[in-house]
Amino acid sequence: VMSKELWEYEEDGEWKPFTPEAIKAVALAQLEHRTTASSRFFNPRSKTHTNYDYDLSKMVQTNTATKFERKIRRSNAVAPNVGSSHSPAAASTEDTQFQAAINASLASADVR
């Protein structure tokens, strides 16, 4: 388990965690003082890619193809290392830099 900022989206009344790629996109947007971000998600069931836009001022994610919006939220909880291809003990330099970026984002983010 790594201590990362946990971003979630609401689906059918339940909060579900963002993918690591989506978390990175949102964290980068915060570090650059932007209120928007984008990411791409591969759905293994349908074998298709879905693009999402994130509006951090309205706190919604939008499917760019269907324009369907879902609520998003940020939690300062400890998030599991979801979707990681390696164990936390074998964290790469990129992971370490990402963790530093997340910590800086948490410390300075004024986006709610």
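Observations on the model:
- Exposure of H49 as accessible area (Å², to 10), given a probe of 1.4 Å and all protein chains: 100
- Couplings 3J(HN,Hα) of region 27-41, computed from phi: 4, 4, 4, 5, 4, 8, 6, 9, 9, 10, 8, 9, 8, 10, 10 Hz, in residue order, whole Hz [Karplus 6.51 cos²θ - 1.76 cosθ + 1.60, θ = phi - 60°; x for Gly and Pro].
The values are calculated or read from the model by the stated rules, or taken from the named source; none is laboratory data. Because the structure is a prediction, the values reported are computed rather than measured. These accessible areas exclude ligands, DNA and RNA; they are computed on the full protein's heavy atoms, side chains included. Shrake-Rupley method; radii C 1.70, N 1.55, O 1.52, S 1.80 Å.
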